[in-house]
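Presented below is the structure to which this report refers.
The values are calculated or read from the model by the stated rules, or taken from the named source; none is laboratory data. This is a predicted model, so every value here is computed, not measured. A quick note on method: Cβ atoms are made from the backbone with ideal geometry, for glycine too, and the neighbour counts reach across all protein chains shown.
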Amino acid sequence: MDIEVESLQSPVDRIAQVDLARKVRLLSGRDFWATEDLPEAGVRGVRTADGPNGLRHQSGRHDHLAMFESDPATCFPPAVAVGSSWDPKLASRLGTALGWEAAVQGVDVVLGPGVNIKRSPLCGRNFEYYSEDPLLSGVLGAAFAKHVQAQGVGVSVKHFAANNQETNRQTISAEVDDRTLREIYLPAFERVVREAQPATVMAAYNKINGVFASQNHWLLTQVLRQEWGFDGVVLSDWNGIVDRVAALRAGLDLEMPGGSAGRDEEVLQAVRSGALDEAVVDRSAARVAGLDRWRADDLDRPGYVDVEAHHDLARDLAAQCAVLLRNEDATLPLSPGGRIAVIGHLAGEPRLQGGGSAHVNPYRIDVPLEEIRLLAQQRGSDVTYASGYLLDQPSPEHLLAEAIEAAAAADVAVVFAGLSERRESEGVDRVDLDLPRDQVEVIRAVAQVAPRTVVVLSNGGIVSLEGWHDEVQAVLETFVLGQGGGRAVAELLFGLRNPSGHLAESIPLRLADHASVLNFPGEQGHVRYGEGVFVGYRQFTTFDTPLRYPFGYGLSYTTFDTTALDVQVTGPDTAALSVQVRNSGDVAGQHVVQVYVSTVAGPVRRPVRELRAFTKIALQAGETRTVRLELPRRAFAYWDVDVDAWVVAPGTYAVQVCADAATVLTESVIELSGDVVAREVGLDSTVGDWLDHPHIGERTLSLLGFGQAVISAEHLLMVRSMTMRQFVTISGLDVPAERLAALSDTTR
């Protein structure tokens, strides 16, 4: 049929008169990467591509796991590195460049960012996620998403939700209580949705409490759409739907990929049989039709990428992500002149990124060894090289001997160590945190003969530093830095750039010390999130568990002083703070102001402190700046499962400015009036609930006679835990039932 498309006012109108079978075709892709066209309704399909840290656009043969070649693109620092930058401006710059490249390559929707929480350091896809903290993940993810979309290209925030492992990811059920979901695993998604209005949200493969994420009405409709106001498209992860009709009914609009993989007939039969209301099809089809606002073909811009400019950007971003963990005796930066031994296979063949669907085919690659040689020559230093080991294969003994010889003849040895993409990839979790044994052997042997030893780490997730850490003078954790990482590392080593990264995840002394270890990766199809809200640093700080380096930790070539903290209460559940930061060292540097909140207020157990605000600032040597930050309601709230809402408990809160999650620099204590939560009580509520009730507590105390009776603290605890029905029966007190009922009625 012919439709005057120009006269239609919305996607709903545009498909209103379209045949059912044609509408259903919109609900699955045209092929592996693209959605369907619907010319009679003026709907043009959109093209998607992977792209959290660079575009993986396949114009030739295509697949989901990067087995086939993709078109060249800039490989920017992956999310693990961006997380360590603690810098939303950096995430924004990356998003702007990536959005530009997507538009040039004709990609309309980029599949990213990934904002899943690093629940376990063993997750094989941790390189693609920002942090173990939801605030840090959400702020960075929202900044990235907003700036990709500012280029006219949509994003797909993923993987929604509780996708925190790769083992059995298509079938595993993540068993997570409501408070933990709300406080840890959902907030990053919520922030991206509310602040960036992403074009799409990608549902995860896994189940949540027994229900597949793709079929979870509570997740996709109640939370995502009704509570958070999301009005875009929910799409499946590739081949991620078990029951197409159930997914559609739950709120998942678009099944990917399409073509022969689509299941349009199932939807058609369900509508024709009356099992599915056609209005559900209309709703989702209208959403998918609305995706055509994200069309790279419509953008007015030059059809090319400035490859050199984007490579320079990749270098600049990479230099701000590396974390200096150890620097004894000011070993770094390297002094001019002298002899440098560069050791390690990864120095000559660098690791840029993780494996799997996010794998980028880079335009060019900076090799650390080459960049170190170039800068050393400019500074009058000599460089020798020994590979020391091989990746993913046995290392001949002579390689170790050559490394020892090179280190013994040098003033400083720089050892590159880390993991290969084979060890860290989509679809496979790690089994330990260890560096390969031959690399540890090289580090220890070099440290015995070299006057000073620097270790440069390259890995997608944290690795254990035990067994060699105390034997070396400096450790630079670079994670994976993308195609410009080689130059960035060289500039950091020689002091042309000042390290400013901070850990976005904790580094334990032992894997056994990590709270997730007892419940990862699960068994018999279930993984229980038994640690609750005590994820990452929340566990280490609360239970005073020793660790190697805490969340938020990072050294610099300069020093910073933090003083003059002033916290003002701005409402019943909000505050604002100002604090002075001074660069007290000799060189310019960047500093992360980390603000945590600590409290025991409320009826739930809370971590000893939680990150609630942060900002990254640049200061010249000797410069002082006043930093001001807001602490909104959510900075003080917990999720109350009884009232199914965020609650700020009345009480005392310590606002702490910290060097990292374990080190408080200065704090100020405030009182918040918070929320008065009046829960309904009855005979099967505890006596404690009656006594604590804000409206009837005093009257209950009087009615039960506790005001006159002498009762020990131990007996009171026992009484408080009884239901009122039990207490009245056991106590033998003459408590008028009608008066209890009258009191109870006032709480309804």
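Write out, first by first residue and then by second, each pair whose Cβ atoms fall under 8 Å of each other, whose residues are 6+ apart or on separate chains, and whose first residue, in the range 203-221, is in contact (Cβ under 8 Å) with a residue 24 or more places away in the chain while the second is in a strand (DSSP E or B) and of a type in the set (S, T, N, Q).
Ala203/Ser236; Asn206/Ser173; Lys207/Ser173; Ile208/Ser173; Asn209/Ser173; Gly210/Ser173; Ser214/Ser236
I'd like to check something: does the range 122-143 contain any residue that is more than 12 Å from the chain's Cα centre (by Cα) and either without any contact (Cβ under 8 Å) to a residue 60 or more places away in the chain or in a helix (DSSP H, G or I) (or both)?
Looking through the range 122-143, at least one residue is more than 12 Å from the chain's Cα centre (by Cα) and either without any contact (Cβ under 8 Å) to a residue 60 or more places away in the chain or in a helix (DSSP H, G or I) (or both).
Assuming Tyr638 fulfils every condition listed in (1) touching a residue at least 12 places away in the same chain (Cβ under 8 Å); (2) surrounded by fewer than 22 Cβ atoms within 10 Å (Cβ to Cβ); (3) not aliphatic (A, V, I, L, M) apart from one, which condition is it?
(2)
Return the residues of the range 282-326 that are among the hydroxyl-bearing types (Ser, Thr, Tyr) and modelled with pLDDT of 90 or more; say none if nothing qualifies.
Answer for the range 282-326, where residues must be among the hydroxyl-bearing types (Ser, Thr, Tyr) and modelled with pLDDT of 90 or more: just Ser284.
Any idea how many residues of the range 244-259 are over 27 Å from the mean Cα position of the chain (by Cα) and surrounded by 21 or more Cβ atoms within 10 Å (Cβ to Cβ)?
Qualifying residue count, the range 244-259: 3.
Determine whether Val211 is buried (at least 23 other Cβ atoms within 10 Å of the Cβ) and in the same structural domain as Trp33 (by TED's automatic domain parsing).
Answer is no for this residue.
If Gln568 passes every condition in (1) assigned by TED's automatic domain parsing to the domain that holds Leu665; (2) buried (at least 24 other Cβ atoms within 10 Å of the Cβ) but one, which one does it miss?
(2)
In contact with a Gly (Cβ under 7 Å, 6 or more places away or on another chain), touching a residue at least 24 places away in the same chain (Cβ under 8 Å) and either outside the structural domain of Val367 (by TED's automatic domain parsing) or not aromatic (Phe, Trp, Tyr) (or both): is that true of Asn459 in this structure? So that I can check it myself, show each step before the final result.
Details: in contact with a Gly (Cβ under 7 Å, 6 or more places away or on another chain): yes; touching a residue at least 24 places away in the same chain (Cβ under 8 Å): yes; either outside the structural domain of Val367 (by TED's automatic domain parsing) or not aromatic (Phe, Trp, Tyr) (or both): yes.
So Asn459 passes the test.
Can you tell me which residue among Val449, Val383, Val367, Val428 is farther than 29 Å from Pro546 by Cβ and at pLDDT below 95?
Working: Val449 fails: at pLDDT below 95; Val383 fails: at pLDDT below 95; Val367 fails: at pLDDT below 95.
Within the list Val449, Val383, Val367, Val428, the selection yields Val428.
Kindly provide the set of residues from the range 265-300 that are charged (D, E, K, R) and more than 18 Å from Trp33 (Cβ to Cβ), ordered by number.
Here is the first cut: in the range 265-300, the ones charged (D, E, K, R) are 265-266, 272, 277-278, 282-283, 287, 292-293, 295, 297-298, 300.
Within the range 265-300, Glu265, Glu266, Arg272, Asp277, Glu278, Asp282, Arg283, Arg287, Arg293, Asp298, Asp300 meet the criteria.
Any idea which of (1) β-branched (Val, Ile, Thr); (2) outside any helix (DSSP H, G or I); (3) surrounded by fewer than 21 Cβ atoms within 10 Å (Cβ to Cβ) is the one Val579 doesn't satisfy?
Of (1) β-branched (Val, Ile, Thr); (2) outside any helix (DSSP H, G or I); (3) surrounded by fewer than 21 Cβ atoms within 10 Å (Cβ to Cβ), only one is false for Val579: (3).
Quick one: would you say Arg628 is in contact with a Ser or Thr (Cβ under 9 Å, 6 or more places away or on another chain), basic (Lys, Arg) and surrounded by fewer than 16 Cβ atoms within 10 Å (Cβ to Cβ)?
Against the criterion (in contact with a Ser or Thr (Cβ under 9 Å, 6 or more places away or on another chain), basic (Lys, Arg) and surrounded by fewer than 16 Cβ atoms within 10 Å (Cβ to Cβ)), Arg628 qualifies.
Could you list, in sequence order, all residues of the range 174-230 that are of a type outside the set (Ser, Thr, Tyr) and assigned to a strand (DSSP E or B)?
Ala174, Glu175, Val201, Met202, Ala203, Lys207, Ile208, Val211, Phe212
Please identify the pairs in which a residue from the range 62-82 that is among the hydroxyl-bearing types (Ser, Thr, Tyr) has its Cβ atom under 7 Å from the Cβ atom of a residue that is modelled with pLDDT under 80, counting only partners at least 6 apart or on another chain.
Ser70/Gln58
Of the residues Ser464, Ser420, which single one is more than 19 Å from Val323 (Cα to Cα) and of a type in the set (Ser, Thr, Tyr)?
None of the other options fit; the residue is Ser420.
Scanning the range 716-730 for residues that are assigned to a helix (DSSP H, G or I) and under 46 Å from the mean Cα position of the chain (by Cα), which turns out nearest to Leu691 (Cα to Cα)?
Among them, the one singled out is Arg720.
Identify all residues within the range 521-553 that are out of contact with any helix residue (DSSP H, G or I) (no Cβ under 7 Å at 6 or more places or on another chain), buried (at least 23 other Cβ atoms within 10 Å of the Cβ) and closer than 20 Å to Arg179 by Cα; write none if there are none.
Hits for the range 521-553 are Gly536, Tyr537, Arg538, Phe540, Thr541.
Can you report the number of residues in the range 238-270 which are among the small types (Gly, Ala, Ser) and on the phi > 0 side of the Ramachandran plot?
Result for the range 238-270: 2.
Count, please, the residues in the range 276-313 that happen to be among the small types (Gly, Ala, Ser) and touching a strand residue (DSSP E or B) at 6+ places or on another chain (Cβ under 8 Å). Write out each step before concluding.
Applying the first criterion (among the small types (Gly, Ala, Ser)) to the range 276-313 yields 279, 284-286, 289-290, 296, 303, 309.
Cutting the leftovers down to touching a strand residue (DSSP E or B) at 6+ places or on another chain (Cβ under 8 Å) gives us 284, 289-290, 296.
Total meeting the criteria: 4.
Suppose we keep only residues that are crowded, with 24+ Cβ neighbours inside 10 Å and among the polar types (S, T, N, Q) within the range 143-164. Which one would you say is farthest from Gly112 (Cα to Cα)?
Asn164
Would you tally the residues in the range 645-684 being of a type in the set (Gly, Ala, Ser), more than 29 Å from Leu503 (Cα to Cα) and touching a residue at least 40 places away in the same chain (Cβ under 8 Å)?
First pass over the range 645-684, keeping only residues of a type in the set (Gly, Ala, Ser): 645, 649, 651, 654, 659, 661-662, 668, 673-674, 678, 682.
Now restrict to residues that are more than 29 Å from Leu503 (Cα to Cα): 645, 649, 651, 673-674, 678, 682.
From the residues that got through so far, the ones that are touching a residue at least 40 places away in the same chain (Cβ under 8 Å) too are 649, 651, 673-674, 678, 682.
Result for the range 645-684: 6.
Quick one: how many residues across the range 8-53 are within 38 Å of the chain's Cα centre (by Cα), among the basic types (Lys, Arg), surrounded by fewer than 24 Cβ atoms within 10 Å (Cβ to Cβ) and not in a strand (DSSP E or B)?
Within the range 8-53, residues that are within 38 Å of the chain's Cα centre (by Cα), among the basic types (Lys, Arg), surrounded by fewer than 24 Cβ atoms within 10 Å (Cβ to Cβ) and not in a strand (DSSP E or B) number 4.
When you go through Leu122, Leu135, Leu186, Leu111 one by one, which is the residue that is out of contact with any helix residue (DSSP H, G or I) (no Cβ under 8 Å at 6 or more places or on another chain) and modelled with pLDDT of 95 or more?
Numbers: Leu122 fails: out of contact with any helix residue (DSSP H, G or I) (no Cβ under 8 Å at 6 or more places or on another chain); Leu135 fails: out of contact with any helix residue (DSSP H, G or I) (no Cβ under 8 Å at 6 or more places or on another chain); Leu186 fails: out of contact with any helix residue (DSSP H, G or I) (no Cβ under 8 Å at 6 or more places or on another chain).
That would be Leu111, the only listed residue that is out of contact with any helix residue (DSSP H, G or I) (no Cβ under 8 Å at 6 or more places or on another chain) and modelled with pLDDT of 95 or more.
Considering only residues of the range 732-747 that are part of a helix (DSSP H, G or I) and in contact (Cβ under 8 Å) with a residue 24 or more places away in the chain, which is surrounded by the fewest Cβ atoms within 10 Å (Cβ to Cβ)?
Here the answer is Arg739.
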